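In what follows, a structure is listed as C-alpha cells, so that the remarks can point back to it.
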Amino acid sequence: MKRLLLGALLMSAMVQARIQVHGHRGARALRPENTIPAFQYAIEAGADVLELDMAVTKDNVIVVSHDPILHPPVCKGPAESAVIRQFTLAEVREWDCGAIRNPRFPRQQPVPGTRMPLLDEVFALAPSGPLEFNIETKSFPDHPEFTPPPDEFARLVLDVIRKHKVERRVILQSFDFRTLHAMQKIAPEIRLSALTENDKRDFVTIAGEAGAQIISPYYWLVTKEKVKQAHDVGIQVVPWTANDPATWDRLIDAGVDAIISDDPAALIEHLQRRGDR
C-alpha cells in the first residue's frame, strides 16, 4: 500500500509524460521474435522499452523465449520440439530462432542463424540509449517442470539485473504473481507489472493482489474509467498487444501510459501524426 501511495504522489506531482512505446518481443511484426535483430530494430525505430520473455535452461541460464517449448515456426532444431528447462544453454543454442518467417506476420524478415539470446546479451544493449526493459517471467503453476520455483526464478533474474546495474530501467511483469511477490521481497526497488488477459475486475484490485505499480491488461479490457481509477492511486496502465490505428486511438483516448505493440515503428509514426510524440 505504501508503494501505491508513493506512486500516487508522484503521479499528482508531475504532468504525464508522452505515451511510451514498448516493442513487443522486440518487433515481431518485422523481425524474428525475442531475438537480438528484433531488439535492435526496435531500438533503431525509437522504442522506449524492449518487451521480452524469459525462460531458464537446465544449467540455470536466463534466456529469452516466450514459449517454454522450442518448436517451429519460432525456432527450428534437431528435434520436433524441446522443453528449454530440460536442455543446457549449449543444447538450446543448437536451434535456429530466425530462419522461419512466422506466418502470422507476413512482413517479418527471417534472419537465418539467429540464436536464442541470453538476458545478459539483451541488457548489454543498454548503452544504446535511455531505453528500458519490460521483462516477463514465463512461469506456469500447472507445469512446474517448465521453470524453476518462483523464488529461484526471481533470484536468477535479479542476479543479471544487478550485474548490468539496470535496476532503475527494468520492469518485471508476469501472469504468475508469485514471481512478482518473490522479487518484491528481495529487491523492492524493481518495478512490478501485473499481466492479465481475462480478468474483468478493476485494475486497482488486480494490481493490489500482485503488489504491482503497473497493470498490463490485454487491450480489450481497457476503459477510460478503469484507467482513471488506476491513475487515482498511482498505478500505471500498459496494455498489450495493440497493432492497429483504431485500437491505438482507443487506448490513447482512454489515457493509458504506454502501449505494447508488435510494430513499434508504426505506432511511433501514428503517435507523431496525432501530435502525441
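The values are calculated or read from the model by the stated rules, or taken from the named source; none is laboratory data. Computed from a predicted model, the values in this text were never measured in an experiment. Glycine gets a Cβ as well: all are built from the backbone with ideal geometry, and neighbour counts include every protein chain shown.
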Scanning segment 131-155 residue by residue, those without any contact (Cβ under 8 Å) to a residue 24 or more places away in the chain and assigned to a loop (DSSP other than H, G, I, E, B) turn out to be Asp142, Pro149
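Residues of segment 102-123 being part of a loop (DSSP other than H, G, I, E, B), over 18 Å from Ile69 (Cα atoms) and not aliphatic (A, V, I, L, M), which ones? Write out each step before concluding.
Narrowing segment 102-123 to residues part of a loop (DSSP other than H, G, I, E, B): 102-117.
After this cut, where a residue has to be over 18 Å from Ile69 (Cα atoms) as well, the list is 103-113.
Residues satisfying the conditions are Pro103, Arg104, Phe105, Pro106, Arg107, Gln108, Gln109, Pro110, Pro112, Gly113.
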Checked against (1) closer than 16 Å to Glu51 by Cα; (2) free of Cβ contacts under 8 Å to residues at least 12 places away in the same chain, Ala246 satisfies every condition except (1)
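Can you find even one residue in segment 42-58 that is without any contact (Cβ under 8 Å) to a residue 40 or more places away in the chain and over 28 Å from Pro130 (Cβ atoms)?
As a first pass, look at segment 42-58 and keep what is without any contact (Cβ under 8 Å) to a residue 40 or more places away in the chain: 44, 57-58.
Okay, now just the ones that are also over 28 Å from Pro130 (Cβ atoms), so 57-58.
Checked against the condition, which is being without any contact (Cβ under 8 Å) to a residue 40 or more places away in the chain and over 28 Å from Pro130 (Cβ atoms), segment 42-58 yields at least one hit.
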I'd like to check something: does segment 173-186 contain any residue that is part of a strand (DSSP E or B) and within 16 Å of Ile135 (Cβ to Cβ)? yes
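Any residue that is part of a strand (DSSP E or B), surrounded by 20 or more Cβ atoms within 10 Å (Cβ to Cβ) and among the hydroxyl-bearing types (Ser, Thr, Tyr) - is there at least one of those in segment 189-196?
Taking segment 189-196 first, the residues part of a strand (DSSP E or B) are 191-196.
Adding the requirement that they be surrounded by 20 or more Cβ atoms within 10 Å (Cβ to Cβ) leaves 191-196.
Among the residues that remain, those that are also among the hydroxyl-bearing types (Ser, Thr, Tyr) are: 193, 196.
Yes, the conditions are met somewhere in segment 189-196.
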Those residues of segment 58-83 that are buried (at least 21 other Cβ atoms within 10 Å of the Cβ) and in contact with a Lys or Arg (Cβ under 8 Å, 6 or more places away or on another chain) come to a total of 1
Just one listed residue, out of Asp53, Asp96, is closer than 18 Å to His24 by Cβ and touching a strand residue (DSSP E or B) at 6+ places or on another chain (Cβ under 7 Å), and it is Asp53
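Does Asp67 fit the bill of being of a type in the set (D, E, K, R), at pLDDT 95 or above and touching a strand residue (DSSP E or B) at 6+ places or on another chain (Cβ under 6 Å)? Lay out the reasoning, then the answer.
On the way: of a type in the set (D, E, K, R): yes; at pLDDT 95 or above: yes; touching a strand residue (DSSP E or B) at 6+ places or on another chain (Cβ under 6 Å): no.
So Asp67 fails the test.
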When restricted to Ala187, Ala207, the only residue touching a Leu at 6+ places or on another chain (Cβ under 7 Å) and of a type in the set (Gly, Ala, Ser) is Ala187
